[in-house]
Every structure is written in structure tokens, then in C-alpha cells.
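For reference, the structure is listed below as C-alpha cells.
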Amino acid sequence: DRHHGTHAADARRFDEARPFGRRRRGNQDQVRERRAMPTVDVLNLKRDKVGSLTLSDEVFGAEVATHLMHEVVVAQQASQRAGTHAAKERAAVRGSSRKIYKQKGTGRARHGSIRAPIFVGGGRAHPPKPQDWARRPPRRVRLAALKSALSLRLKEGRLLVVEDFELGEVKTKAVAAI
């Protein structure tokens, strides 16, 4: 004990108070109840209700895992990076690498190559190199993120099911009217 004569679980000493018994996870005692399968209206292009569709609870009733959606989106954006940035280091710069003047006796600072990073026209000290930024999360993570996104759309009421998506002409105005 830190202080003489104190009990480890004394509630009056907030800096030493601990819960009695073993620690449990917050959702360990809760039993998952079976929910009804979600249904969504089927619409035509004029937004008239044509019917209804029962959706799978496994896909559209999943818990929303925002951290998985974030991981997948970041991986997709990282994979789109070109990664072609580059600069030359002192070994790749054109020019001689001979010692420009002798080491001692000149009164000047000691130098080797004129292509060192300290000189104008020299190479970069730690230049960027071309690299592949592509990431691919595990399949289970990608599937769980997709289920989370679909479940979130359904919970927000932003999921539309269209019966026939046939347009007379390919125009943005026609799609925006829907």
C-alpha cells in the first residue's frame, strides 16, 4: 500500500479505489436478441412505391464499425497514389567526385566531393524515392467494412432500391431528377 493504514479498495481514497471481483467486458452479460429482418421500399424512376424487399439481417443489420470503414477508405486512397516522386542523391548527380582541395593547410573547411549536399548543384541528403503505397486490407476487414457501410445507409434512411434503371437517354439531368 502506498499509505500506511489504508485499504486498497477504500472508496474515500479515489486514487486507490479499485472495483471488487473480476473485471468483465461491457457487453459480456448482454445476450444478443434476434431482430426482425429489415425491409425497404422498391421504387420506380418516378419515386412511386412499387413493392417492398426484405433485406438480409446479416448484411444490413450489422453493427457499424467506423474504424474498419476508415481503414478501407485510407487503403483505397493510398493505393491511388502515384508514388513517382524522386530526387537524386550525391551518387546519382552528374559530376566528379574528386577531392576539391587538400584536407589540411588551406584554412578552409574540409570537403570531399563538390556534389555533396552542402554545395549548390549537389545531391539531396535523403531524397524521396519512388515507392508503392498500395495497401490491401484483409478480406474479412473489407467485407465487414462493406456491411457496416450498407447498414449505416439503411439506418440513416439513405438506401434506395430502384425497380428498373432504364433511361431513354444517358443524361445527368435524368439521373439527378431521381
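The values are calculated or read from the model by the stated rules, or taken from the named source; none is laboratory data. Treat the numbers as computed from the prediction; the structure is a model and nothing was measured. Cβ atoms come from the backbone with ideal geometry, glycine included; neighbour counts cover every protein chain shown. Note: accessible area is taken over every heavy atom of the protein model, side chains too, but ligands, DNA and RNA are not part of it. Shrake-Rupley method; radii C 1.70, N 1.55, O 1.52, S 1.80 Å.
Odds and ends about this structure:
- Solvent-free Debye scattering, log10 I(q)/I(0), computed from the Cα coordinates of segment 100-178 at q = 0.25 Å⁻¹: -1.14
- For V42, the amide hydrogen comes within under 5 Å of the amide hydrogens of V50, G51, S52, L53, counting only partners 5 or more places away or on other chains and with H modelled in the peptide plane.
- Inter-probe distance in nm under a simple model that places probes 7 Å from Cα toward Cβ, at V64 and T39: 2.4
- At R0 = 35 Å, FRET efficiency that the Cβ-Cβ distance of R81 and L146 yields, to 0.05: 0.95
- Shape of segment 35-178, Cα gyration tensor, a/c cut at 1.5: prolate
- Taking segment 77-137 and dividing mean pair separation by its residue count, relative contact order in percent (alpha carbons under 8 Å, at least six apart): 49
- You can think of it this way: the chain between K46 and L167 has 42.4 nm of extra reach, that is 0.36 nm per residue less the Cα-Cα gap.
- Residue (of V74, V64, V161) at the positive-pole extreme of segment 28-178, dipole from beta-carbon charges: V74
- Computed with every protein chain present, the accessible area of T54 is close to 90 Å² [probe 1.4 Å].
- With Rh defined as the Kirkwood radius, the inverse of the mean 1/r over Cα pairs, the Rg/Rh of segment 114-158 is 1.55.
- In segment 111-178, trypsin sites (Lys or Arg not before Pro) in a DSSP loop with at most 12 other beta-carbon atoms within 10 Å: R158, K171
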